[in-house]
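A.B. asks: This is the structure I want to talk about, given as structure tokens.
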Amino acid sequence: MTMEEQKENRALYNGGCEEEDELCRTLRTVELTGGVKGKNPCDSQEDQGVHTTKSGSSDFSDPVYKEIAFANGCVNRMSKDELKAKLTELKLDTRGVKDVLRKRLKNYYKKQKLKQPIDTDDAYFDYICVIDFEATCEEGNATDYIHEIIEFPIVLVNTRTLKIEDTFQRYVRPEIKPKLSEFCINLTGITQDLVDKADTFTVVLQTAVDWMREKELGTKFKYTILTDGSWDMSKFLNMQCRVSRIKYPRFAKKWINIRKSYGNFYKVPRNQTKLTTMLEKLGMKYDGRLHCGLDDSKNIARIAIRMLQDGCELRVNERMHNGQLMTVSCSLPFEGAAIPHHPQYRK
């Protein structure tokens, strides 16, 4: 394929076209025809029209890209009402802001044309464990303030059924500062009585591991951790393991930061990836009490489910290495988290 043809194909994919009627006919063609075998696109590269092969090369030569380009051009010019009407016709979700609706419709057409030759469901995670810790805090925390986890929730999302299958929640008794600040109580809704009656973090972590093992995570089922941001694992869990004098658990060394995934998938800036903002942009409202760990986790799970419904492949994008936060490439295969093991004490 010549350089000129590649440039033309990129321009087409970004919405260029000659006649509106032809574009709309292309949309109908995409809806009615089957896909092209052998294609395995990377979602994050959709808007550039890049087709990623196993060898890592890019190939714009297949006519399917021109068809997708025409379809995307038509979608780009639709009003919000037109997008909703088309999504309704296709029996797809119509909730969300215009950019979300456009992404949903484009992804539908792309999937119609770029069919996988194999069942990729076998390669994806069976479950996603959404975790959103609550930790001790004070108003205007000092930079060296030691946060201790006081609520350990897990929300188990089945990626096949796209439903919340089960939940786990335990409160944790802090050891360094056992008395909660009024600010912390008001923020989280966790009372002093709840943490006084709770087990220490090491015991709670062991209970959480037992729960995960009962679900056969890491053995029968491939799974991963998902969080709202980096802090839950890189700061709260990392700090808590040092306080409790235990090794950082292997199953939590890699995770999906949904803020990054959401921003990359829907093409929105970082300041639009707060929990309540993501829900609002997707046409949903927060359900429950803000800063309740379990309620936060459930709402994060709702966002993850919606993104999966919209065609996003939620990928691990962060990890801990030698106590430091690192970025994970989205091009890596879907590797499940390690089998959960009971806490190991530091020597």
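A.B. asks: Residues to consider are TYR223, TYR262, TYR248; find the one that is modelled with pLDDT of 95 or more, open to solvent by less than 10 Å² (accessible area, probe 1.4 Å), out of contact with any Phe, Trp or Tyr (no Cβ under 9 Å at 6 or more places or on another chain) and not hydrophobic (A, V, I, L, M, F, W, C).
C.D. replies: Values: TYR223 fails: out of contact with any Phe, Trp or Tyr (no Cβ under 9 Å at 6 or more places or on another chain); TYR248 fails: open to solvent by less than 10 Å² (accessible area, probe 1.4 Å).
One residue alone meets the criteria, TYR262.
A.B. asks: Hey, another quick one. Just need a number here: residues in region 308-347 that are of a type outside the set (D, E, K, R) and closer than 30 Å to LEU101 by Cα.
C.D. replies: 15
A.B. asks: Which of the residues spanning region 166-218 are among the aliphatic types (A, V, I, L, M) and open to solvent by less than 30 Å² (accessible area, probe 1.4 Å)? Steps first, please.
C.D. replies: If we filter region 166-218 for residues that are among the aliphatic types (A, V, I, L, M), which is where we start, we get 172, 176, 180, 185, 187, 190, 194-195, 198, 203-205, 208-209, 212, 217.
Within region 166-218, VAL172, LEU180, ILE190, VAL195, ALA198, VAL204, LEU205, ALA208, VAL209, MET212, LEU217 meet the criteria.
A.B. asks: Now, a different point. Look at region 199-219 and say how many of its residues are among the hydrophobic types (A, V, I, L, M, F, W, C) and out of contact with any helix residue (DSSP H, G or I) (no Cβ under 9 Å at 6 or more places or on another chain). Please lay out each step first, then the result.
C.D. replies: Quick first cut of region 199-219, residues among the hydrophobic types (A, V, I, L, M, F, W, C) only: 201, 203-205, 208-209, 211-212, 217.
Of the ones still in play, those that are also out of contact with any helix residue (DSSP H, G or I) (no Cβ under 9 Å at 6 or more places or on another chain) are 203-204, 208, 211.
The qualifying residues number 4.
A.B. asks: Would you kindly identify the strands (runs of 3 or more DSSP E) lying entirely within region 121-175 that contain at least 1 residues that are under 20 Å from LYS197 (Cα atoms)?
C.D. replies: Numbers: elements: 127-130, 149-158, 163-171.
Qualifying strands (runs of 3 or more DSSP E): 149-158, 163-171.
A.B. asks: Let me ask something additional. Looking only at residues in region 287-301 that are free of Cβ contacts under 8 Å to residues at least 40 places away in the same chain and surrounded by 16 or more Cβ atoms within 10 Å (Cβ to Cβ), which one is farthest from THR136 (Cα to Cα)?
C.D. replies: The residue in question is ASN299.
A.B. asks: Within region 269-286, track down each residue that is touching a Phe, Trp or Tyr at 6+ places or on another chain (Cβ under 7 Å) and open to solvent by 10 Å² or more (accessible area, probe 1.4 Å). Write out each step before concluding.
C.D. replies: Pass one, region 269-286, residues touching a Phe, Trp or Tyr at 6+ places or on another chain (Cβ under 7 Å): 273, 276, 278-279.
Within region 269-286, just THR276 meets the criteria.
A.B. asks: Could you list, ordered by first residue, the pairs with Cβ atoms under 9 Å in which the first is in region 309-323 and within 16 Å of ASN158 (Cα to Cα) and open to solvent by 20 Å² or more (accessible area, probe 1.4 Å) and the second is among the aliphatic types (A, V, I, L, M) and assigned to a loop (DSSP other than H, G, I, E, B), at least 6 apart or interchain?
C.D. replies: GLN309/LEU92; GLN309/LEU162; ARG315/VAL328; ARG315/LEU332
A.B. asks: Do we find that LEU237 is over 12 Å from the mean Cα position of the chain (by Cα) and either assigned to a helix (DSSP H, G or I) or surrounded by fewer than 19 Cβ atoms within 10 Å (Cβ to Cβ) (or both) in this structure? Outline the logic, then answer.
C.D. replies: Numbers: over 12 Å from the mean Cα position of the chain (by Cα): yes; either assigned to a helix (DSSP H, G or I) or surrounded by fewer than 19 Cβ atoms within 10 Å (Cβ to Cβ) (or both): yes.
Yes, satisfied.
A.B. asks: While we're here: Need the failing condition index for LYS163 against (1) under 13 Å from ILE131 (Cα atoms); (2) exposed (fewer than 14 other Cβ atoms within 10 Å of the Cβ), just the number.
C.D. replies: (1)
The values are calculated or read from the model by the stated rules, or taken from the named source; none is laboratory data. What you see is a predicted model; the values in this text were computed from it and never measured. Neighbour counts are summed over all protein chains in view; Cβ atoms, including those assigned to glycine, are modelled from backbone coordinates with ideal geometry. Calculation scope for accessible area: heavy atoms of the full protein, side chains included, ligands and nucleic acids excluded. Shrake-Rupley method; radii C 1.70, N 1.55, O 1.52, S 1.80 Å.
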